[in-house]
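Asker: Submitted below is the structure of interest, expressed as structure tokens.
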Amino acid sequence: MTHSAVDVIAAKRDRHRLTDAQIDWVVAAYTRGEVADEQMAALAMAILLNGMDDAETARWTLAMIESGERLALPDVGRPLVDKHSTGGVGDKLTLPLAPLVAACGAAVPQLSGRGLGHTGGTLDKLEAIPGWRAELSADEIAAQLAEVGAVVCATTPSLAPADRKLYALRDVTGTVASIPLIASSIMSKKIAEGTGGLVLDVKVGSGAFLRTHDAAEELARRMVAIGAAHGLSTRALLTDMSVPLGRTVGNALEVAEAVEVLRGSGPPDVVELTLALARAMLGLAGIEADPAEVLASGRAFEVWERMIAAQGGDPAAPLPAATHVEIVEAPASGILTRLDALAVGTAAWRLGAGRARKEHPVQAAAGVRLLAGVGDEVRAGDPLLELHTDTPGAVPGARAALDAGLAIADEPVGRGPLLLGEVGA
Ligand code: URA
């Protein structure tokens, strides 16, 4: 049967279900360049407005997987398990988590992306390490998984090419925020990667893609359903992203904090979530190990060193330091009641830690160090934050982003719970 892009767009515009044949055709034809960008943009907007049900979303995911090749990971003699985060401010959890789960006996194939906007990207963080290389061939990924047990690298070009093209289009057409499109985008890459189990860290709050618990739960439910439809055991944790994770935001600053965690210290929230995600991953992999004990033993740190060295990085090399550091002082005495994740993420981004367009470079050393946390008592003039940058002209913009993000008051508050819910296995 022949299809026309206009008919597919009109069907979704008029709130009909897309048939399997329509989905298969439109995704394949778009990847080949036979459906034009403006037609796919119209369809993405119709999907954003009128939705897709679970069956349509599972089929859309399959069509995106079939637009490229699945990564044929070899049997490395251990269960494969991966995690994906929907992205947040100060979210460096992959860095300690991948070597920790590998040190517990699983193999972690973590194909990652770069950051866009105020949320950082794992590859940008690791690229702060002198010599570290993100691009690996499929053979190098397989070899490193077998030898080290963990690999964090860029997705290969043949993995879900339809998603790469469609995500770039959604980014410039106001159509990123569609739950079925986000769910199918994330899951197509993870299913094509060939992991055996998947833990999703779905962030909720001001610094996350999705601000409300209900929207995050819906995304989690959709992704778990797609995993089930494709035979991939998937579990989602809903976690708080209303304040930044840990005490650092920015690439080299976050690597240093991840290393602290791997050496057995580090901020309690980063340690708590790393262990919660590790337990979920090990549960899916059927491994009975205590990640807290493995972390304390130093075995995860050893895997980290081998994982970085395998990709050309020098784990012992000093990390880049910013040429300019400025302090933000507490404007009043009292309790720090607000340290908003979006405000801190935007400040770090403006200092040079993030990019506005995907072709822009990032500054390895730029970012924000938090010197106080929510619930801490501060006195007027105390240092609250350090702003790190190589471009001092960026500081006023960063300070402006922080203005509405900090509050000091008299009432005592604590940081709310980190784990907000769970969906799936
Ligand atoms: N991350 C993805 O990989 N895809 C989306 O659509 C949104 C976030």
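Derivation of every value follows stated rules applied to the coordinates shown; laboratory data play no part. Quick caveat: nothing in here was measured; it's all calculated off a predicted structure. Glycine gets a Cβ as well: all are built from the backbone with ideal geometry, and neighbour counts include every protein chain shown.
Asker: For the range 324-409, just run the numbers: alpha carbon Rg, then divide by 2.2 N^0.38 Å, N being how many residues it has.
Answerer: Normalised Rg, Cα atoms only: 1.09.
Asker: More than 43 angstrom separation, counting every C-alpha pair in the chain; what % is that?
Answerer: Value for the chain (Cα pairs over 43 Å): 12 percent.
Asker: Just to be sure I follow: if Rg is taken over the C-alpha atoms of the range 1-134 and Rh is the Kirkwood radius over the same atoms, what is Rg/Rh?
Answerer: My calculation of the ratio gives 1.07.
Asker: Shape verdict for the range 137-233, please, from the Cα gyration tensor: rounded (a/c under 1.5), prolate (a/b greater than b/c) or oblate.
Answerer: prolate
Asker: Moving to a separate point now. Please give the FRET efficiency for ARG306 paired with ALA10, using the beta carbon to beta carbon distance and R0 = 56 Å, rounded to the nearest 0.05.
Answerer: Efficiency, rounded to the nearest 0.05: 0.55.
Asker: Then there is this: For the range 5-51, just the Cα set please: Rg and Dmax, both in angstrom.
Answerer: 9.6, 26
Asker: Evaluate Rg over Rh across the range 218-304, taking Cα atoms for both radii and Kirkwood's formula for Rh.
Answerer: 1.02
Asker: Does anyone have the angle between helix 138-147 and the longest principal axis of the chain? Alpha-carbon axes, 0 to 90°, nearest 10?
Answerer: Helix 138-147 sits at roughly 50 degrees to that axis.
Asker: Right, next: Which value results when the Cα radius of gyration for the range 82-317 is divided by 2.2 N^0.38 Å?
Answerer: Against the compact-globule rule of thumb, the ratio is 0.94.
Asker: Can you show me the helix-derived [θ] at 222 nm for the chain, built from DSSP H runs with n ≥ 4 at -39,500 (n - 2.57) apiece and divided by the number of residues, rounded to the nearest 500.
Answerer: It lands at -13000 deg cm²/dmol.
Asker: To the nearest 0.05, how large is the calculated FRET efficiency for ALA143 and ASP20 if R₀ is 25 Å and r is the Cβ-Cβ distance?
Answerer: 0.10
Asker: Same structure again: If I stretch the segment between HIS3 and GLU288 completely, what's the gain in nm (0.36 nm per residue apart, minus their alpha carbon distance), one decimal?
Answerer: Going from the current span to full extension adds 97.5 nm.
Asker: Could you tell me the relative contact order of the chain? Use alpha-carbon pairs under 8 Å, at least six residues apart, and round to a whole percent.
Answerer: Reported as a whole number, the value is 20 percent.
Asker: Sticking with this structure for a sec: By how many nm would the segment from ARG338 to HIS213 lengthen if fully extended, with 0.36 nm per residue of separation less the alpha-carbon distance?
Answerer: In short, 43.1 nm is gained.
Asker: Give the relative contact order (percent, whole number) for the range 324-409; include only Cα pairs under 8 Å separated by 6+ residues.
Answerer: With pairs under 8 Å counted, the relative contact order is 49 percent.
Asker: Set the bar at 20 Å for Cα to Cα. Now go through LYS12/LYS358; LYS83/LYS358; LYS83/LYS165; LYS92/LYS203; LYS83/LYS203; LYS165/LYS203 and name every pair that lies beyond it.
Answerer: LYS12/LYS358; LYS83/LYS358; LYS83/LYS165; LYS165/LYS203
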